[in-house]
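The values are calculated or read from the model by the stated rules, or taken from the named source; none is laboratory data. Note that this is a predicted model, so its numbers are computed, not measured. We place every Cβ from the backbone using ideal geometry, glycine too, and count neighbours over all the protein chains shown.
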Amino acid sequence: MGRLECQRGGVCGRSGRGRESPLSHTAFAGVGGAAQGPLGIDAIQGLLWRRGSLGCLAGGGDFGGPAPGAGPGSMQPARIALWLRLALALGLSLVGPLAVGGTSVRVPIYVSSWAVRVPQGAREAERLARKLGFVNLGQVFPDGQYFHLRHRGVVQQSLNPHWGTRLRLKKDPKVSWFQQQTLQRRVKRSLVIPNDPWFPKQWYMNNDVEPDLNILQVWSQGLSGRGVVVSVLDDGIEKDHPDLWANYDALASYDFNDYDPDPQPRYTPSDENRHGTRCAGEVAAVANNMFCGAGVAYNARIGGVRMLDGTITDVIEAQSLSLQPQHIHIYSASWGPEDDGRTVDGPGILTREAFRRGVTKGRGGLGTLFVWASGNGGLHYDNCNCDGYTNSIHTLSVGSTTRQGHVPWYSEACASTLTTTYSSGVVADPQIVTADLHHGCTDRHTGTSASAPLAAGMIALALEANPFLTWRDMQHLVVRASRPAQLQAEDWRTNGVGRRVSHHYGYGLLDAGRLVDLARAWGPTLPQQKCIVRVLHSPTPMEPQMQVSKNVSACAGGPNAIRSLEHVQVRLSLAHTRRGDLEIALLSPMGTRSTLVAIRPFDVSTQGYNGWVFMSTHFWDEDPRGVWTLGLENKGFYFNTGTLFRYTLLLYGTAEDMTARAPGPKSAGGPPSRWAASAWPTARPATSAAGGLL
């Protein structure tokens, strides 16, 4: 049997053939000292030199000689083996983790302090410390049983545990447990700064502007979009781009223009098909690869659908929005009908069905997330409520603001916008950094096309934090995680539950840190309820300024009863001699006024609105019961005339009182007193000469 050989607190080993050295498994032990696998330094040394024995490395002394009884010829091999062994151990400790069995194993480094449990308390611990040469550094916990002891005669750091002290502690009957401490590798999580050369240009996420999108706070928590799949529906994606190929997901990609699996964009002299690649880079450009910048969710999987570079039909849009709905979590789209201030257009029958199927069946029934750019028609006084994609309840519409918090010249003001991220304004403003065609980079991406992918990346971070969020959960979270911040607009108003809201910005600038924090703690939202109120269904001549009021119960007492609103839609059929001169607004029972469409000077159509659905998010979480008032005003020539044929109010929400949940950002003044006085006021009967309640 070999014997334990040590000198004055040094590295120890056992002599004798066939015995296990302490370095064999403990060198590959974890924090608790347990062996991590059969491959130890002894095993490697045995391959190098099967014969010989191990002496000891004394504290400041020389290597020991051969084991007692060993022949003279064994001394040199033993010394060589020892040197090889110690050199290997030292190299492992310097290099760090060692791959063993497919896992990363870090060599433990033992220090000169012990944790010791002495149930008899402080006096007995002090006696033990003096007896064994320890310094008692005090209690670990207030109960007085666990103590921190440091040994004065042991080296500060060692690759071996100190076996002599271990044996003495084990023999002491007053010691019920002990552990020699090892160095722990820990890193500060204050900031995670990528080394990508253009990251300093990414002002909207590198703390260069106050407030920014608060991305760094989320990264510092270890979140980067891992496990989330995003697909960009656009003109293709350069899948072999150096900043995209590592995250490229072929299953989330397709070419519906040419009907093949390759979404590579078609190259032209003007590089007109760069849009999809730029949007994809914002979401999931690889970080820390010394190239370009970093995506918001730089570990998310990214796909691309080529569907805008050719003939666009209802079928192609529906197929694109229905691609792999159980694999793709988020679809990001930065396109829509023409932003010319004249067009009123939206998805066709099949595309509407694709939206419906996506939110009801996608992601295993949790619902696909459709993130949409609100539109760039500001120069033409366009209104995104005349765009049936951005004003769909199934899409999450994103607006833009500049670095200075101004409304960009291209921004469209409308009631369907839910939130805002950064983009640019005038030419001199800093723009968005992202990937570009021909394996390039750009810092000139702009428009709401640049804002929506930033939001898609932030939503990917929230999904990584909580993958069980439904599509409606995410909209609730976005409302609560958006804040007015420094965003400047003349139309900021406080709605009935005390939230600030604007037609330019929705609920404000989206905060990724707030979004992720809320996502982690969010409980599932109750099922969506839909209450249809038929207000008017007979032709009524329109006056220059008219109001149509309806006292509704929001289906109270029935299976579709709503306590807290989400989306509110108004379906209108009307004729007007100049459609663009007509302003339409909706006033809720809690006093929130939302402009459904403002005047559009370039819209000279005489067709009016034929069953068009307007939508507002401004009433979020309000109680819908009471009087709703629709206002219509001719703001053009006095001789304009019109007829209102049908008006239906569609309320969406939940039976839960959502105001009882953790609130999002609210105004300093808080909710109106009449809301605070009654969480659920007594319903008033729905009465109207114009129509009944369905």
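Overview of results
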read-out: Close pairs (8 angstrom Cβ cut-off, 6 or more residues apart or separate chains): part of a helix (DSSP H, G or I) and of a type in the set (A, V, I, L, M) in the range 311-329, surrounded by fewer than 15 Cβ atoms within 10 Å (Cβ to Cβ) and at pLDDT below 95 anywhere; value: none
read-out: Filtered residue count, the range 656-673, keeping only those that are surrounded by fewer than 17 Cβ atoms within 10 Å (Cβ to Cβ), at pLDDT 95 or above and among the hydrophobic types (A, V, I, L, M, F, W, C); value: 0
read-out: THR165, sole failed condition from (1) crowded, with 21+ Cβ neighbours inside 10 Å; (2) in a loop (DSSP other than H, G, I, E, B); (3) not assigned by TED's automatic domain parsing to the domain that holds ASP309; value: (2)
read-out: Enumeration of residues in the range 123-179 that are modelled with pLDDT under 90 and of a type in the set (Lys, Arg); value: ARG152
read-out: Test: residue in the range 379-388 that is in the same structural domain as SER320 (by TED's automatic domain parsing), among the hydroxyl-bearing types (Ser, Thr, Tyr) and touching a Leu at 6+ places or on another chain (Cβ under 9 Å); value: no
read-out: Only listed residue being free of Cβ contacts under 8 Å to residues at least 60 places away in the same chain, assigned by TED's automatic domain parsing to the domain that holds PRO325, on the phi < 0 side of the Ramachandran plot and of a type in the set (S, T, N, Q), chosen from SER411, SER400, SER416, SER374; value: SER400
read-out: Residue in the range 215-234 that is among the acidic types (Asp, Glu) and in a loop (DSSP other than H, G, I, E, B) present; value: no
read-out: For THR434: the one exception among (1) free of Cβ contacts under 8 Å to residues at least 60 places away in the same chain; (2) touching a His at 6+ places or on another chain (Cβ under 7 Å); value: (1)
read-out: Candidate set: the range 474-517, residues that are of a type outside the set (Lys, Arg) and part of a strand (DSSP E or B); chosen: the one farthest from ARG593 (Cα to Cα); value: LEU510
read-out: Enumeration of residues in the range 518-543 that are part of a helix (DSSP H, G or I) and in contact with an Asp or Glu (Cβ under 9 Å, 6 or more places away or on another chain); value: ALA519
read-out: Residues of the range 235-261 classified as on the phi < 0 side of the Ramachandran plot, assigned to a loop (DSSP other than H, G, I, E, B) and either touching a residue at least 40 places away in the same chain (Cβ under 8 Å) or not assigned by TED's automatic domain parsing to the domain that holds HIS327 (or both), total; value: 13
read-out: Residue match in the range 449-466 (condition: out of contact with any helix residue (DSSP H, G or I) (no Cβ under 8 Å at 6 or more places or on another chain), farther than 24 Å from ARG274 by Cβ and not assigned by TED's automatic domain parsing to the domain that holds GLY513); value: yes
read-out: Enumeration of residues in the range 189-211 that are of a type in the set (Asp, Glu) and closer than 19 Å to GLY281 by Cα; value: ASP196
read-out: Filter result for LEU461 (over 25 Å from GLY336 (Cβ atoms) and within 23 Å of the chain's Cα centre (by Cα)); value: yes
read-out: Residue satisfying condition, being touching a residue at least 12 places away in the same chain (Cβ under 8 Å), within 20 Å of MET458 (Cα to Cα), surrounded by fewer than 19 Cβ atoms within 10 Å (Cβ to Cβ) and of a type in the set (D, E, K, R), within set ARG278, ARG266, ARG301, ARG226; value: ARG226
read-out: Answer residue from the range 229-247, given it is surrounded by fewer than 21 Cβ atoms within 10 Å (Cβ to Cβ) and of a type outside the set (D, E, K, R) and is nearest to ASP196 (Cα to Cα) among those; value: PRO242
read-out: Subset of the range 469-509 (residues that are in contact with a Ser or Thr (Cβ under 7 Å, 6 or more places away or on another chain), on the phi > 0 side of the Ramachandran plot and surrounded by fewer than 23 Cβ atoms within 10 Å (Cβ to Cβ)); value: GLY498
read-out: Where a residue in the range 450-474 is of a type in the set (Val, Ile, Thr) and its partner, wherever it lies, is in a helix (DSSP H, G or I), with Cβ under 9 Å and at least six apart; value: ILE459/MET474; ILE459/LEU477; ILE459/VAL478; ILE459/LEU515; THR470/VAL359; THR470/ARG363; THR470/GLY365
read-out: Candidates THR360, THR417, THR401, THR395 - the one that is at pLDDT 95 or above and either of a type in the set (D, E, K, R) or surrounded by fewer than 24 Cβ atoms within 10 Å (Cβ to Cβ) (or both); value: THR360
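Results for (1) over 50 Å from the mean Cα position of the chain (by Cα); (2) surrounded by fewer than 19 Cβ atoms within 10 Å (Cβ to Cβ), shown as yes or no for each residue.
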| position | (1), (2) |
| --- | --- |
| ARG130 | yes, yes |
| VAL135 | no, yes |
| PHE141 | no, yes |
| HIS148 | no, yes |
| HIS151 | no, no |
| GLN156 | no, yes |
| LYS171 | yes, yes |
| VAL175 | no, no |
